[in-house]
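Each reported figure results from applying straightforward, stated rules to the coordinates on display, with no laboratory input. As the structure is a computational prediction, the values presented were derived from the model and not from experiment. Please note: Cβ atoms are built from the backbone with ideal geometry, for glycine as well, and neighbour counts cover all protein chains shown.
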Amino acid sequence: MMGFRYAYENCPQTDYFILVDDDYYVSTLNTLKALPQDEKSIFYGGTVHINAPVSRNPFTKWYQSTKDYPYSIYPDFVSGGFIMLTKNTLHKLYLGSQFTRHFIFDDVYIGIIAYKMGIQPINNKDCSNAKVSYDGPESYRTLVATHGYDDWTEMIKVWRECNDLGFN
């Protein structure tokens with residue numbers, strides 16, 4: 001959340017913010033198309049998890065005790081690897097974090113805050129938290145973001161091929 005505060009306070013001319021992990025392929029052009037026209041709107045988008053169950057299995061890394069989280073499902077949230085926000089949304093989420101107990105999973109935490117602040121996550125079908133099969137640039141024509149690029153040389157190759165056709 002300190003990153004949200006820093007971005008809001010130090011980037012006043014910026015209307016949109018993207019949170020992205022380093023193993024995501026992102027098309028800048030398609031990301032810009034996916035953002036709302038009205039930069040003053042409330043927008044929290046990406047791959048939305050709906051009615052995601054809470055893991056009560058203590059042998060998984062996603063385990064949560066009923067003491068830490070008493071509910072059986074999480075509020076709908078955008079997968080943390082790629083999140084699109086407007087500045088107004090970023091600011092509301094930061095303000096909401098001041099009144100929300102920290103949670104171990106950052107994407108779920110943002111979803112909890114969004115729920116409390118009345119912000120609905122928007123699913124984008126062209127974002128994927130699983131690796132989308134690459135069968136040449138045409139297969140990524142409308143793709144916004146996809147997870148799973150652990151090999152940076154592969155990501156550069158894909159980016160270059162897509163860029164040569166104007167998809168980035």
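Output the residues belonging to the stretch 31-64 that are of a type outside the set (F, W, Y), more than 15 Å from the chain's Cα centre (by Cα) and more than 17 Å from D15 (Cβ to Cβ).
Listed by number, the residues that qualify are N51, A52, P53, V54, S55, R56, N57, P58, T60, K61, Q64.
Among the residues of the stretch 70-94, what is the count of those that are in contact with a helix residue (DSSP H, G or I) (Cβ under 9 Å, 6 or more places away or on another chain) and either in a helix (DSSP H, G or I) or at positive phi (or both)?
So the count comes out to 7.
Can we say D164 is of a type in the set (D, E, K, R), over 19 Å from M84 (Cβ atoms) and free of Cβ contacts under 8 Å to residues at least 24 places away in the same chain?
In short, no.
Please count how many residues of the stretch 125-168 are part of a loop (DSSP other than H, G, I, E, B) and surrounded by 12 or more Cβ atoms within 10 Å (Cβ to Cβ).
Number of matching residues: 14.
Those residues that are outside any helix (DSSP H, G or I), under 29 Å from Y140 (Cα atoms) and out of contact with any Gly (no Cβ under 6 Å at 6 or more places or on another chain), I need them from the stretch 3-30; list them, please.
Selection gives T14, D15, Y16, F17, I18, L19, V20, D22, D23, Y25, V26, S27.
Return the only residue of K67, K33 being among the basic types (K, R) and outside any loop (DSSP other than H, G, I, E, B).
K33
List the pairs whose first member sits in the stretch 125-139 and is closer than 10 Å to E161 by Cβ, whose second member is among the polar types (S, T, N, Q), and whose Cβ atoms are under 6 Å apart, counting only residues at least 6 apart or on separate chains?
No pair meets every condition.
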